[in-house]
Amino acid sequence: MSRRDPIKPILLCAGLALGVTSGLVAHAEDETIKVGVLHSLSGTMAISETTLKDTVLMLVEEQNKKGGLLGKQLEAVVVDPASDWPLFAEKARELLTKDKVAAVFGCWTSVSRKSVLPVFEELNGLLFYPVQYEGEESSKNVFYTGAAPNQQAIPAVDYLRDELGVERWVLAGTDYVYPRTTNKILEAYLKQNGVAEEDIMIDYTPFGHSDWQSIVARIKRFGSEGKKTAVVSTINGDANVPFYKELGNQGISADEIPVVAFSVGEEELSGIDTKPLVGHLAAWNYFMSVDDPANAAFIETWHGFTKDDKRVTNDPMEAHKIGFDLWVQAVEKAGTTDTDAVEAAIIGLETPNLTGGTAKMLPNHHITKPVLIGEIQGDGQFAVVWQTDAEVPGDAWSDYLEGSKDLIADWTPPIKCGNFNTKTQTCLGSQTP
Amino acid sequence: MPMSPTRTQRRAPSPSWHGLLWGLVLLALIPLNSLADALDAALIDLSDRSFEVKQAAVEVIAVSGDPRALKVLEALLDGDLYARTSDRRPVLAAASPAGFRLRDALEGTDLGEADRRDIRKITINNRMRTQLRSAIAALTLASPDAVLRLSAARELLGDPDPLVVEAIRAQFEREEDKQVRDSLALALALASLRDEDPEARLSGVSALAGSLDPSARNALTRLLGEETDPHVRAGAQRVLAGIEQKLKLNAAAETLFFGLSLGSVLVLAAIGLAITFGVMGVINMAHGELIMIGAYSTYLVQQAMPGLIDYSLFVAIPAAFLIAGLLGVLIERTVIRFLYGRPLETLLATFGISLILQQLVRTTISAQNVAVQNPSWMSGALQINPALALTYSRLYILVFALLVFLALLLILKRTALGLQVRAVSQNRSMARALGVRSARVDALTFGLGAGVAGVAGVALSQLTNVGPNMGQAYIIDSFMVVVFGGVGNLWGTLVAGLTLGVANKLMEPWAGAVLAKILVLVFIILFIQKRPRGLFPQRGRAADG
């Protein structure tokens, strides 16, 4: 058995090296404030998450140029949970207990967030989560700087219905928790708005699905029955490429059946030929193409930091920037990095976002965000075609689902609860089993 | 006839273009110079930030009656229209050494060179695209170009405005091109469904008999909802039933095609394995990575010959065969030949090779997916009728899979190498006794299987994402097909692949993509219990060995 899997020893070495360096750091430095970065640098999610690691490193560097925080320098501690959900929990524990980080910026998929949640609650850490997600959660130790469903999915459906006159809906998604919960909320919302059962088609496909011919043919047939039809896509990752290709091949253009996507951004478009996608839509809270001085400055800093002026910026990067700014402000206000003090101080703080508005941290640990609908252009960027007049406050518990419409989250006294039932006036308590 | 239902139907996408015709009528009443002013103002408005202002501007330009308006609208639709930052005048920009060479969009006059910052692209949204298409259709219905007239006729299908119907009727009278005439006739039949006179409605209904255009079926369904005349009702019901019947047939044909196409992908992925695993008995876990290497060869060939994408596949196929084939020979010579007769160790070793190959691609090219382009002849669809279209990419790959299969069959049955391969796989020591250099044959056979996997990679690169992990998606399917078909039998692989493809697609509509796959897998497990040697078992001594 001499020709065994060669990867393992390499991994072991890498792990050892990492352990040694982080151990050294922990002994040598006590005058720095440590910031944990918990993003996958290998495995399937590396494509999206590596960029976010770089973003946090850039934010730390910028803050240190401004003189650090509380008179100390910031220091980023980077770990690699390797797109492996249980490893996320292990690495989170390592960051909190061994490195004693003041706050962690990390996670992408909902399943990784669910995996680290008990760790952060047990060890009383702080996590800033930057990605749009399905809601139905609010933890004392997590700050959700990405969009809740009412800040992305619901406004996008409103746009399709009111601006494009869509009456039939295809809810297509990848088969996991985020699309399923989002589609459940959307289905309930559409039905409450008088859309009939037969005008909604729901379809799930596995990760990395590539044979889209029969699903696209079904969408085409569904859309040819006289009512304006749109596809609301929670299809995740690289399965989008063959999906859009098949749409193009079967002759479905964006003005016949528009597709609005919640997981396709500048980063995802940067590797593919966008000509067949022109006119399809995406709903986010930030686009790189937004014409705003703060955004221009951010992009310039990003290009300077990465030394590559082709690198794109995207929505979760903005979310990290907002989360980082709010955390810095909260630490300055509290005068300490202590979790409870920062948690109390951060609620109500405001910081400018990159689209000309203001992001405010709400008592439910979500933030206010504008909702933007963009059309894909030939150059891989989005042209904003619609946006909300003002920022929308993030809603942790959906108003359209039976189990959650009476729930609110409020971490200020006297409620101090992530799932408070307004009918029975009780707190349901910890959500982690 | 009540018009309101159709109105609400069309309410959504565009300020409908029949405003144009009324506008043309009103033209005569407005003094000319103010019209020219309005056109100028509208052209400036095109560069406004608000899409509402832009839409209003397009409306004005479309009704201006200016013969040059069409060019401006077409440029806008194609995304070729820019606004000069200095005076917001719309211009056409062509790339030039100094930046851009500008021409006035309306006059066509040369405006000199400009920098990237001097112009800004005029963006449009879906609503404007629909509006522009209708406006262009209205302006090109009488165009001398039959292709333009056809697309105009299609665009105006089902428009209820009497003025539009008049224009269509006038064009129908003088139309000579058959396709355009058919489209116009369909439009007229749809219009006559809204006629006051039951006779006219009835004739409209009969004219729609057998039409597979979705608008025909929708119009008939709508008519049935509001029709009071019993004759027309009966006629409409009959025609609609006929259409439904035809649609069902077409849907069945479509499902069959999808099934065969998925099957052809399975066959392509598995056929290399049918040689390495089926004929040689090597459990080759690196098979998926050989497919991946083939797909990356396509990418590299395309990188090497930009601008010749249409021909790239013809270079990529032999290139992928050679690269993957040589790699196969290398793997066989350095690893597998020491492990013949030890299936577990072969499995582990080839699994290790698959990881090495993946990491090799990650470090040398990129961990991200790469963009493999489709040649123009691979995109689009063959429109058999309005309800049935076969996409070219799938069609070519189906044909390609059959060609690869036939070629392999010929090699194995008709060449000296094929004879030696079969001899070695049936009885190694006897073959050696007869002078066959079995080591050389082993290397060549493995190389052949690997090369075919590479060729499959070229085809798959046209359908799916090309990335370091892509091979993983095919390895299970490939083993499934080979085992189901019967190890060591090429025909078995073909039949098994196509059967599984069609079965999968038949189940997908009611079971969903995920469950259909599970059901297929369960079926195969049960089948193997019953017939462990697959569909076409090998008989005789070789099978027992």
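The values are calculated or read from the model by the stated rules, or taken from the named source; none is laboratory data. A quick note: this is a predicted structure, and the numbers were derived from the prediction, not measured. Here the Cβ positions follow ideal geometry from the backbone for every residue, glycine too, while neighbour counts run over all protein chains shown. Accessible surface is based on the protein model in full, side chains and every heavy atom, while ligands, DNA and RNA are left aside. Shrake-Rupley method; radii C 1.70, N 1.55, O 1.52, S 1.80 Å.
Under the definition of partner shielding as Cβ atoms of other protein chains within 10 Å of a residue Cβ, what is the mean value for peptide B:214-224?
Average per residue, whole number: 2.
What accessible area per residue comes out for the stretch B:250-341, rounded to a whole number of Å², with a 1.4 Å probe?
Each residue of the stretch B:250-341 exposes 34 Å² on average to a 1.4 Å probe.
Rounded to the nearest 500 deg cm²/dmol, what is the calculated helix-only ellipticity per residue at 222 nm for the protein assembly as shown, with -39500 (n - 2.57) per DSSP H run of length n ≥ 4?
-18000 deg cm²/dmol
Just to check I understand the Karplus step: with θ = phi - 60° and J = 6.51 cos²θ - 1.76 cosθ + 1.60, what whole-Hz values come out for the stretch A:406-419, glycine and proline as x?
With coefficients 6.51, -1.76 and 1.60, one gets 8, 8, 9, 10, 8, 9, 9, x, x, 6, 6, 8, x, 8 Hz.
Using 30 Å as the Cα-Cα cut-off, could you pick out the over-long pairs in A:LYS65/A:LYS91; A:LYS66/A:LYS307; A:LYS184/A:LYS360; A:LYS114/A:LYS369; A:LYS53/A:LYS405?
Long pairs (Cα-Cα over 30 Å): A:LYS53/A:LYS405.
Roughly how many percent of the accessible protein surface of the stretch B:100-242 is carbon and sulfur, given a 1.4 Å probe and a whole-percent answer?
Taking all protein chains in place, the stretch B:100-242 shows 51 percent carbon and sulfur surface.
With every protein chain present, what accessible area does B:ILE356 have (1.4 Å probe, heavy atoms only), rounded to the nearest 10 Å²?
90 Å²
Could you report the stretch A:310-362's accessible area per residue, 1.4 Å probe, as an integer in Å²?
Counting only protein heavy atoms, the per-residue value for the stretch A:310-362 is 32 Å².
Students often get this wrong: which residues of the stretch B:60-97 have the backbone nitrogen under 14 Å from the point 7 angstrom along Cα-to-C-beta of B:ARG120?
B:82-91
Could you name the lysines whose alpha carbon sits less than 19 Å from that of A:LYS98, not counting residues in the same chain fewer than 8 places away?
A:LYS34
So for the protein assembly as shown: antiparallel DSSP bridges make up what percent, rounded to the nearest 5?
Counting only bridges with both partners in the protein assembly as shown, antiparallel ones make up about 55 percent.
Greater than 29 Å separation of Cα atoms is the criterion. Which listed pairs, A:LYS275/B:LYS71; B:LYS121/B:LYS178; A:LYS191/A:LYS423; A:LYS72/A:LYS140; A:LYS227/B:LYS248, meet it?
Pairs exceeding 29 Å: B:LYS121/B:LYS178.
Compute the accessible area of each residue in the stretch A:209-241 twice, once for its chain alone and once with every protein chain present, using a 1.4 Å probe on heavy atoms, and list those whose area falls by at least 40 Å².
Buried-area filter returns A:SER210, A:ASP211, A:GLN213, A:SER214, A:ARG218, A:ARG221, A:SER224, A:GLY226, A:ASP238.
Mind putting a number on the dipole of the stretch B:195-322 about its Cα centre? Charges go on the C-beta only, +1 for Lys and Arg and -1 for Asp and Glu, and I need it in Debye to the nearest 20.
With Lys and Arg at +1 and Asp and Glu at -1, about 520 debye.
Quick check on packing: order A:358-369, B:504-515 by the mean number of other C-beta atoms within 10 Å, highest mean leading.
A:358-369, B:504-515
Summing both sides, how much accessible area is buried between A and B? Use a 1.4 Å probe and give Å² to the nearest 100.
Using a 1.4 Å probe on protein heavy atoms, the buried area is about 4000 Å².
Taking the simple approach of a point 7 Å from Cα along Cα-to-Cβ for both B:ASP195 and B:ALA371, what is their distance in nm?
5.3 nm
Need the per-residue list for the stretch A:38-72: every residue with at least 10 Å² less accessible surface in the complex of protein chains than in the chain by itself, probe 1.4 Å, sorted by number.
Residues of the stretch A:38-72 that lose at least 10 Å² of accessible area once the other chains are added: A:THR44, A:ILE47.
Under a plain spin-label model, where a point goes 7 Å from the Cα along Cα-to-Cβ, how far apart in nm are B:THR334 and B:ALA253?
The modelled label-to-label distance comes out at 5.2 nm.
Can you give the FRET efficiency to the nearest 0.05 for A:ALA82 and B:LEU344, using r as the Cβ-Cβ distance and R₀ = 35 Å?
0.80
Among B:65-78, A:116-129, B:225-238, how do they line up from the highest to the lowest mean number of other beta-carbon atoms within 10 Å?
My ranking of the peptides, most packed first, is A:116-129, B:65-78, B:225-238.
Can you tell me the FRET efficiency between A:ALA341 and A:LYS423 if r is taken as the Cβ-Cβ distance and R0 is 30 Å, rounded to the nearest 0.05?
0.35
At 0.36 nm per residue, and after removing the present C-alpha to C-alpha distance, how many nm does the segment from B:ASP66 to B:VAL399 gain when stretched out fully?
So the extension gain works out to 114.8 nm.
Could you sort the residues of the stretch B:385-406 by number and keep only those whose accessible area is reduced by 10 Å² or more in the all-protein-chain setting relative to the chain alone, 1.4 Å probe?
B:ALA389, B:THR391, B:SER393, B:ARG394
I'd like the carbon and sulfur percentage of the solvent accessible area for the stretch A:381-433, probe radius 1.4 Å, heavy atoms only, ligands and nucleic acids excluded.
C and S fraction of accessible area: 55 percent.
Could you tell me what percent of the accessible area of the stretch A:214-308 is made up of carbon and sulfur, with a 1.4 Å probe and every protein chain present?
54 percent
Could you identify which residue out of A:SER404, A:SER214, A:SER40 has the top mean-square fluctuation in a GNM of chain A using Cα springs shorter than 10 Å?
Judging by the Gaussian network model, the answer is A:SER214.
Rounded to the nearest 0.05, what FRET efficiency do B:LEU434 and B:LEU308 give with R0 = 56 Å and r taken as the Cβ-Cβ distance? Could you check?
Computed FRET efficiency for B:LEU434 and B:LEU308 comes out at 0.70.
Measuring from a point 7 Å past the Cα of B:SER143 along Cα-to-C-beta, which residues in the stretch B:46-69 have an amide N at less than 13 Å?
The answer is B:69.
Using a 1.4 angstrom probe, figure out how much accessible area the stretch B:501-541 has per residue, in square angstrom, rounded to the nearest whole.
68 Å²
With both partners inside chain A, how many of the DSSP beta bridges are antiparallel, as a percent to the nearest 5?
Of those bridges, close to 40 percent are antiparallel.
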